[in-house]
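Trainee: Here's a structure for you.
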Amino acid sequence: MEHDRRSKASLSPTGNRSVTQDFDGTPTAELAAGSWAATLTPRLAQFTAVARHEHVTRAARRLGMPQSTLSRSMARLEEDLGVALFARHGRQVSLTAAGRDFLTTVERALWEVERAAESVRADADPETGKVAFGFLHTMGSETVPELIRAFRTDHPRVRFQLVQNYGEAMIERLRDGALDLCLTSPVPDEPDLVARRLDEQKLRLVVPDDHPLAARKRIRLAEAANELFVTLEPGYGLRKITDRSCAEAGFTPKIAFEGEDPETLRGLVAAGLGVGLLPPPAVPRPGVVELTVTAPRAVREIGVAWLDGHPDTPPVAAFKRFLLSRRGQLLLHR
């Protein structure tokens, strides 16, 4: 499972330096005191400079450090490894076979570090940075595209990583650091999160167009107590609202089908397989009639959430301010 990222520790040949394996078996270094990575990393760029210049003095000049300091650093590197990396020829040096092998891997590692640094800097750029934004499936056809279109009027080059999911899954991704912000419902009330209510959406009882209730415009939810319901699976916010609303109306819904997408449920209703308490569709669906629920008050609150204490990059901060400015105007009310 994605969230089960446990590490397995093993000892390196020295017996006191830790090597780990990620959940998929990929080896990773723990940067603990005494690990190879912690010991060697500060000297790797120095090693590549000496290897490329084949001259300690010229390498030291390029690095902006004293030649004597660089010489001692290379000697200590070889001592730590227990391997001769250079053959000395007066002021000139050349790589040994071990040194050439080491250089190939070190340059690849340093390039990955350079790429990682450039990537995080690019993601934080105020003009062209990235926002990892999660939202409910029902927000994907209209609400989120309109939000991004409006935001990019003033921030045309900000990039978005968009994730559609149900509420609990998005909260876990916030905690994992995979999302910066998410639109979710119900609005979470958790000590490690900050959440702000932005809007509310009226839910409707959706019935087949040939159902006896289809001639109605309004209905009390208690009148549907004997109907079969189609609902989202447990764990979805809309399922919690359905169960709570039915309980307030004095009954427990009889569930015929459970799914992951409200529009699929609307299709099941059109096929005569049950009724559903659903948000308005992006596009009117033939074969169903949507009734206003007068009691209990059937609404879902939509809010934005983020991890408490998590620092925002400039593009994330800008998009957060934009979302908060849309309070009461987030949804296309129908």
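Trainee: Counting only residues that are β-branched (Val, Ile, Thr) and open to solvent by 20 Å² or more (accessible area, probe 1.4 Å), which one in region 294-334 is farthest from the chain's Cα centre (by Cα)?
Mentor: For region 294-334, the residue satisfying everything is 294.
Trainee: Please work out which residue is surrounded by the most Cβ atoms within 10 Å (Cβ to Cβ), limiting yourself to region 105-152 and to residues that are over 18 Å from the mean Cα position of the chain (by Cα), within 30 Å of residue 238 (Cα to Cα) and among the β-branched types (Val, Ile, Thr).
Mentor: 138
Trainee: Of all helices (runs of 4 or more DSSP H) completely enclosed by region 46-145, which ones contain at least 3 residues that are under 30 Å from residue 160 (Cβ atoms) and not hydrophobic (A, V, I, L, M, F, W, C)?
Mentor: So the answer is 97-123.
Trainee: Can I ask one more? Report yes if residue 67 is more than 17 Å from residue 39 (Cβ to Cβ), open to solvent by 60 Å² or more (accessible area, probe 1.4 Å), touching a Ser or Thr at 6+ places or on another chain (Cβ under 9 Å) and not charged (D, E, K, R), otherwise no.
Mentor: yes
Trainee: Contact list please: Cβ distance under 9 Å, first residue in region 56-80 and among the charged types (D, E, K, R), second residue surrounded by 12 or more Cβ atoms within 10 Å (Cβ to Cβ) and at pLDDT below 90, pairs at least six apart or on different chains.
Mentor: 76/43; 80/36; 80/39; 80/40; 80/43
Trainee: Hey, could you check region 245-265 for residues that are modelled with pLDDT under 95 and part of a helix (DSSP H, G or I) and say which is least open to solvent (accessible area, probe 1.4 Å)?
Mentor: Selected residue: 262.
Trainee: Provide a single number: the residues in region 36-58 that are of a type in the set (Phe, Trp, Tyr) and at pLDDT below 90.
Mentor: Qualifying residue count for the region: 1.
Trainee: So which residues in region 189-224 are touching a helix residue (DSSP H, G or I) at 6+ places or on another chain (Cβ under 8 Å) and under 22 Å from residue 246 (Cβ atoms)?
Mentor: 203, 205, 206, 207, 208, 213, 219, 221, 223, 224
Trainee: Okay, moving on. Which numbered condition in (1) closer than 30 Å to residue 171 by Cβ; (2) in contact (Cβ under 8 Å) with a residue 12 or more places away in the chain; (3) in contact with a Gly (Cβ under 9 Å, 6 or more places away or on another chain) is the only one that residue 128 fails?
Mentor: (3)
Trainee: Determine the pairs where a residue that is touching a residue at least 12 places away in the same chain (Cβ under 8 Å), located within region 269-286, has a partner that is open to solvent by 70 Å² or more (accessible area, probe 1.4 Å) and part of a loop (DSSP other than H, G, I, E, B) with Cβ atoms under 6 Å apart, the partner being 6 or more residues away or on another chain.
Mentor: From region 269-286, the pairs are 280/334; 282/141.
Trainee: Further question: Could you tell me whether residue 82 is in contact with a strand residue (DSSP E or B) (Cβ under 8 Å, 6 or more places away or on another chain) and among the small types (Gly, Ala, Ser)?
Mentor: No: the conditions fail for residue 82.
Trainee: Here's a check for you: in region 224-241, which residue that is over 24 Å from the mean Cα position of the chain (by Cα) and assigned to a strand (DSSP E or B) is surrounded by the fewest Cβ atoms within 10 Å (Cβ to Cβ)?
Mentor: That would be 228.
Trainee: Only one of 272, 287, 276 is farther than 30 Å from residue 159 by Cα, crowded, with 18+ Cβ neighbours inside 10 Å and more than 29 Å from the chain's Cα centre (by Cα); which?
Mentor: Only one candidate qualifies: 276.
Trainee: Please determine whether any residue of region 200-223 is loosely packed, with under 15 Cβ neighbours inside 10 Å, of a type in the set (Lys, Arg), in contact (Cβ under 8 Å) with a residue 24 or more places away in the chain and out of contact with any Ser or Thr (no Cβ under 8 Å at 6 or more places or on another chain).
Mentor: yes
The values are calculated or read from the model by the stated rules, or taken from the named source; none is laboratory data. Predicted model only: the values in this text are computed from it and were never measured. So basically every Cβ, Gly included, is an ideal-geometry build from the backbone, and we count neighbours across all protein chains shown. These accessible areas exclude ligands, DNA and RNA; they are computed on the full protein's heavy atoms, side chains included. Shrake-Rupley method; radii C 1.70, N 1.55, O 1.52, S 1.80 Å.
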